[in-house]
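Just so it is clear, none of the values below were taken in a lab; they were calculated from the coordinates. Every value quoted in this text rests on a predicted model; they were computed, and no experiment measured them. Counting neighbours? That spans all protein chains shown, and the Cβs are built from the backbone with ideal geometry, glycine included.
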Amino acid sequence: MSELPSAILFACTMNSIRSAMAEGILKSLHGDKIYVDSAGVRAGEQNGFMVEVMAEIDIDMSNHNSKTFDSMDDTSFDLIVSLSPEAQHSAVELTRWMSCEVEYWPTFDPDAIRGRREARLEGFRQIRDDIYQKIEAKFPPISD
């Protein structure tokens, strides 16, 4: 992609893990060059594993509050990137009245991660790293 979009929405099921991670990662790579937000089909609670693995790469997500498509103030996006099947459906519904592109990036569902704390953290790291690689490939950092 040669030119960055001006506004991007990342969407997933509950806006507590995947879309929140994506929002934090893109903001860390591009600062205020792109307006970035995230939302979920439903609101979820802040996830401590998400906060912890993002802190490992120096992105503070401790103040992230989950929001839904319905509670968003701004809906002027150039691109919506959905990270779950439910979010993909909601994103496509938005295009009935909003002109924007929609992309689906299938991303592993963190609710499927079971086991002890370290095993769960490793699963969250894999999700984080997968999202990071996709974002870096789609929206590579540009020099000023």
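Remarks
- The chain, helix-only ellipticity at 222 nm - DSSP H runs n ≥ 4, -39,500 (n - 2.57), divided by all residues, nearest 500: -11500 deg cm²/dmol
- Contact order normalised by residue count of the chain, Cα under 8 Å, 6+ apart, percent: 28
- Under the shape rule built on the C-alpha gyration tensor, where the axes satisfy a ≥ b ≥ c, the range 7-138 is prolate, since a/c reaches at least 1.5 and a/b is greater than b/c.
- Gaussian network model of the chain, springs between alpha carbon atoms under 10 Å - residue of MET61, MET50, MET72 with greatest fluctuation: MET72
- Here VAL92, VAL36, VAL102, VAL81 are placed in order of increasing Cβ neighbour count within 10 Å, fewest first, which gives VAL92, VAL102, VAL36, VAL81.
- Placing a label point 7 Å from the Cα of ILE57 along the Cα-to-Cβ direction, the residues of the range 27-47 whose backbone N falls under 15 Å of that point are 27-31.
- Cross-link partners of LYS138 among lysines (Cα-Cα below 24 Å; sequence separation of 8 or more within a chain): LYS27, LYS33
- The length gained by stretching the chain between ARG96 and GLU118 to full extension, at 0.36 nm per residue less their Cα-Cα distance, is 3.6 nm.
- Placing unit charges on the Cβ atoms of the charged side chains and taking the dipole of the chain about its Cα centre, the candidate lying farthest along the positive direction among ALA119, GLY44, THR107 is ALA119.
- Put a plus charge on the Cβ of each Lys and Arg, a minus charge on the Cβ of each Asp and Glu, and nothing anywhere else: the dipole of the chain about its Cα centre is then about 420 debye.
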